[in-house]
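Visitor: Take this structure, written in structure tokens, and hold onto it; I'll ask about it next.
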Amino acid sequence: MKVKGEITMLEHSKAVRAELLNEVKNMTDDQLNQKPSQGVWSPGQILEHLYLMERVITGGMKQVLISGEKKEVSEKPLQLVIDRSRKVPAPENLKPAEGPYVKEELLSKLEDSRRELINFAETAPGQDLNEKSMKHPHLGDLSLKQWVEFIGYHEKRHLLQLTEVKSAAY
């Protein structure tokens, strides 16, 4: 049950995903694979990175839920993740391949990874989500609840990147 005005941990992620899908809905596969310049990810690479990230985080949370120890951690200001003035390199295992990408395949992968996240968040005991944690490379320990929320903030960061790439490419 949520208190009036309170946003559930999934609502933000769902809203950002809707924005992301709206941003790419009219893009062709060619547009999805265009890079405005060397060293910049294409929209397809951004979507692939989001899929990889969501899948890896959800898998990690599942493991922690089963075998992680309870540990009290302080809440972190996740909205800082959206700040694109600070560049944060992706870990090697979360870097997308060069492509080419097919939009329908990427959208299907994103749908699958989101279904897994929602299933995890809706079936995990709420107490465990608050009391178990995983380490983030830049933010330190985050509760599993905050990890679920982080996915939406991370996706919002890359939605901003996607709009920048689109406006630079065409």
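Visitor: If the chain between E116 and S167 were fully stretched, how many nm would it gain, using 0.36 nm times the residue separation less the Cα-Cα distance? Don't skip to the answer; put the middle values down first.
Guide: Details: separation 51, 0.36 × 51 = 18.36 nm, distance 3.18 nm.
Length gained, E116 through S167: 15.2 nm.
Visitor: What's the local net charge at N119, with K and R +1, D and E -1, over the other residues with C-beta under 14 Å away?
Guide: Working: positive: K14, R55, K62, R114, R115; negative: E54, E111, D112, E116, E122.
Here the count lands on 0.
Visitor: Share of the chain's accessible area from carbon and sulfur, percent, 1.4 Å? Each step should come with its number before you reach the end.
Guide: Numbers: 5000 of 9520 Å².
That fraction is 52 percent.
Visitor: Can you give the accessible area per residue of the chain, in Å², using a 1.4 Å probe? The partial results should precede the final answer.
Guide: Details: 9520 Å² over 170 residues.
I get 56 Å² per residue for this part.
Visitor: Follow-up question, since we're still on this one. Just to check I understand the Karplus step: with θ = phi - 60° and J = 6.51 cos²θ - 1.76 cosθ + 1.60, what whole-Hz values come out for the stretch 134-151, glycine and proline as x?
Guide: Per residue, the Karplus-derived 3J(HN,Hα) values read 9, 7, 9, x, 10, 9, x, 5, 10, 5, 4, 4, 5, 5, 4, 5, 4, 4 Hz.
Visitor: Can you tell me which lysines have their Cα less than 18 Å from the Cα of K14? Leave out same-chain residues fewer than eight positions away.
Guide: Answer for K14, where 18 Å is the Cα cut-off: K2, K25, K109, K145, K156, listed by chain and number.
Visitor: Pop a pseudo-label 7 angstrom from the Cα along the beta-carbon direction at both T123 and E98 and give the gap in nm to one decimal.
Guide: Using points 7 Å along Cα→Cβ, the separation is 4.0 nm.
Visitor: Can I ask one more? Over the chain, what relative contact order in percent results from Cα pairs under 8 Å that are six or more residues apart? Please report the intermediate quantities before stating the final value.
Guide: Numbers: 178 pairs, mean separation 68.0, N = 170.
Over the chain, the number comes to 40 percent.
Visitor: Another question, if that's okay. If you average 1/r across every pair of different Cα atoms in the chain and take the reciprocal, what Kirkwood value do you get, in Å?
Guide: Working: mean 1/r = 0.0597 Å⁻¹.
For the chain, inverting the mean 1/r across all distinct Cα pairs yields 16.7 Å.
Visitor: Rounded to the nearest 500 deg cm²/dmol, what is the calculated helix-only ellipticity per residue at 222 nm for the chain, with -39500 (n - 2.57) per DSSP H run of length n ≥ 4? Kindly include the intermediate steps, with their values, before the conclusion.
Guide: Working: 6 runs with 96 residues, N = 170.
So the calculated ellipticity at 222 nm is -18500 deg cm²/dmol.
Visitor: On a straight-distance basis, which aspartates and glutamates could pair with K135 in a cross-link, Cα separation under 14 angstrom, same-chain partners fewer than 8 positions away excluded?
Guide: Straight-distance partners of K135: E69, E72, E75.
Visitor: Which cross-chain or sequence-distant (5 or more) residues have an amide H under 5 Å from the amide H of D141, H modelled 1.01 Å from N in plane?
Guide: Close amide H contacts, sequence-distant or interchain: H136.
Visitor: Translational diffusion coefficient, Stokes-Einstein: compute it for the stretch 1-98 using the Kirkwood radius over C-alpha pairs as Rh, at 20 °C and 1.002 mPa s, and state it as an integer in µm² s⁻¹. Please report the intermediate quantities before stating the final value.
Guide: On the way: Rh = 16.5 Å.
In µm²/s, the coefficient is 130.
Visitor: May I pose another question? When the Karplus curve 6.51 cos²θ - 1.76 cosθ + 1.60 is applied with θ = phi - 60°, which whole-Hz ³J(HN,Hα) does each residue of the stretch 55-63 get, with x for Gly and Pro?
Guide: For the stretch 55-63, the Karplus-derived couplings read 5, 5, 5, 4, x, x, 5, 4, 5 Hz, x marking Gly and Pro.
Visitor: Considering the stretch 86-162, what Rg and Dmax in Å follow from its alpha-carbon atoms?
Guide: In Å, with Rg to one decimal and Dmax whole: 14.5, 42.
Visitor: Let me ask something else. Measure nothing but the geometry: give the 0 to 90° angle between the long axis through the Cα atoms of 11-24 and the longest principal axis through the Cα atoms of the chain, rounded to 10°.
Guide: 10 degrees
Visitor: Could you run the Karplus curve 6.51 cos²θ - 1.76 cosθ + 1.60 with θ = phi - 60° over the stretch 39-47 and give me ³J(HN,Hα) per residue in whole Hz, x for Gly and Pro?
Guide: Result, rounded to whole Hz: x, 10, 6, 6, x, x, 5, 4, 5.
The values are calculated or read from the model by the stated rules, or taken from the named source; none is laboratory data. Note that this is a predicted model, so its numbers are computed, not measured. All Cβ positions, glycine included, derive from the backbone under ideal geometry; neighbour counts span all protein chains shown. Heads up: the accessible areas ignore ligands, DNA and RNA and are worked out on the full protein's heavy atoms, side chains in. Shrake-Rupley method; radii C 1.70, N 1.55, O 1.52, S 1.80 Å.
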